[in-house]
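Some notes on the structure that comes next.
The values are calculated or read from the model by the stated rules, or taken from the named source; none is laboratory data. Quantities reported herein were computed from a predicted structural model and do not represent experimental measurements. Quick reminder, even Gly has a Cβ in these numbers, built from the backbone with ideal geometry, and neighbours come from all protein chains shown.
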Amino acid sequence: MKRGQPSNMSFSEMTEADLSTYIDSLYSEKEIFWKSTEQESDRGLALVCLAYLEGKLEDCLFEYMDRSPEARELLKPSGPLGTMFARINMCICLKIIHRNTGRMLRVAAKIRNEFAHTFEATFDDSPVKELSISLLSEFNVENKPSDARTCFSVAMLMLDRHLWPRPMEVAIYRDKLPDGIPTYISSPDDA
């Protein structure tokens, strides 16, 4: 399913019915995705969850940058904002996500990297186990599970709960901004 807005119109131009349909499609996409992760191997779970969340960060940045061709260039894998860590940092700098969310995403990315670079890694292995358990400890979850895979899964669901509406919220915020930063100070060349 294609991420981002359903059409070229801004969210502020959408009718209530269009917005409702769009939000329903987001819920459906989310439900299908998370249901599919139940059958994943440990490696698959870490890789697909982080790819999904990284896509949400990309969507946030793309919306913030007004969905421009220049934004697409910056966000492509070989661009300056092509890595998860670069996207996390930029989202923090632009105040799209809170610093604590960024910190948790970095821990999750470290877990993903362990799986990507260690062929036989599992959630029972160090440092994946410790990182996964510490990741969930950042959330206020009652009855925390004891196994690392479940800790990781619950933490990913919690991060998604925070991130999934952000691209739409960013687009609505961006639509209210002026077309450019006003000039407040004249340069000597303007005289």
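Quick notes on this one:
- Taken together, the criteria exclude SER126 from residues that are in contact with a helix residue (DSSP H, G or I) (Cβ under 9 Å, 6 or more places away or on another chain) and among the small types (Gly, Ala, Ser).
- Qualifying positions in the range 135-178 - in a loop (DSSP other than H, G, I, E, B), at pLDDT 90 or above and either within 16 Å of LYS35 (Cα to Cα) or of a type in the set (Lys, Arg) (or both): none
- Criterion violated by ILE181 - all others in (1) without any contact (Cβ under 8 Å) to a residue 40 or more places away in the chain; (2) under 28 Å from GLU63 (Cα atoms); (3) assigned to a helix (DSSP H, G or I); (4) among the hydrophobic types (A, V, I, L, M, F, W, C) satisfied: (3)
- All of (1) part of a helix (DSSP H, G or I); (2) modelled with pLDDT under 85; (3) closer than 30 Å to SER28 by Cα; (4) among the acidic types (Asp, Glu) hold for ASP189 with one exception: (3).
- Which listed residue is buried (at least 18 other Cβ atoms within 10 Å of the Cβ) and of a type outside the set (Ser, Thr, Tyr), from ALA108, ALA116: ALA108
- Scanning the range 91-99 finds no residues that are in a loop (DSSP other than H, G, I, E, B), in contact with a Cys (Cβ under 7 Å, 6 or more places away or on another chain) and either of a type in the set (Lys, Arg) or within 25 Å of GLU38 (Cβ to Cβ) (or both).
- Residue count for the range 74-88, restricted to those that are farther than 15 Å from GLU63 by Cα and surrounded by fewer than 16 Cβ atoms within 10 Å (Cβ to Cβ): 7
- Residue among LEU50, LEU74 that alone is of a type in the set (A, V, I, L, M, F, W, C), touching a helix residue (DSSP H, G or I) at 6+ places or on another chain (Cβ under 7 Å) and in a helix (DSSP H, G or I): LEU50
- Test: residue in the range 164-175 that is touching a Leu at 6+ places or on another chain (Cβ under 7 Å) and either farther than 27 Å from GLU29 by Cα or buried (at least 16 other Cβ atoms within 10 Å of the Cβ) (or both): yes
- Criterion: among the small types (Gly, Ala, Ser), in contact (Cβ under 8 Å) with a residue 24 or more places away in the chain and surrounded by fewer than 18 Cβ atoms within 10 Å (Cβ to Cβ) - qualifying residue of SER134, SER126, SER146: SER134
- Being in a helix (DSSP H, G or I), of a type in the set (A, V, I, L, M) and without any contact (Cβ under 8 Å) to a residue 60 or more places away in the chain is a description that applies to ALA109.
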